[in-house]
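*Asks:* Before I ask anything, let me first share the structure, which is written out below as structure tokens.
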Amino acid sequence: MQIFASFVLIIKDGMVCATTREDGRIGLPGGKCEPYEFPYQTAIREAAEEGWLIDRDEIGVPLLVQLVEGRPVAWFLFKSDVRVTKLKDHQESTRGINPILVPLEEFRTSGFGNDIALDLAIPLLQWWK
């Protein structure tokens, strides 16, 4: 199966490393896969483009592959102790996409199927300690 897009989910201290979108909604960092990339590489690249730099030594695990508008989309989960840096200058800032930390419940209700990701991620993170 060819993955169309990949997204990153990082929960730190009850907050989600998220992004604001052009329309004001909150989502996860991520985007379309390039033909030469594995979905995991896409997730890391897109996170950096949207303002979240994940340390290269960090390991994420596949959380979910779901169909979004008929296209397969992958979500990757990173442990809550991941080394991540919020970037002030990043590629997508000109499009109104910026990194923000969002409380879990606010993120859950912000759209983009975020509730599904959290319902899967939270029990997994508790187990993964």
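*Asks:* Pro103: buried (at least 16 other Cβ atoms within 10 Å of the Cβ), in contact (Cβ under 8 Å) with a residue 12 or more places away in the chain and not hydrophobic (A, V, I, L, M, F, W, C), yes or no?
*Replies:* Here the answer is no, as Pro103 does not meet what is asked.
*Asks:* Here is a follow-up. Quick one: count up the residues across segment 39-60 that are free of Cβ contacts under 8 Å to residues at least 40 places away in the same chain, surrounded by 13 or more Cβ atoms within 10 Å (Cβ to Cβ) and more than 13 Å from His90 (Cβ to Cβ).
*Replies:* 7
Bear in mind these aren't lab numbers, they're just calculated from the coordinates by the rules spelled out. These numbers were taken from a predicted model, which means no experiment stands behind them. Counting neighbours? That spans all protein chains shown, and the Cβs are built from the backbone with ideal geometry, glycine included.
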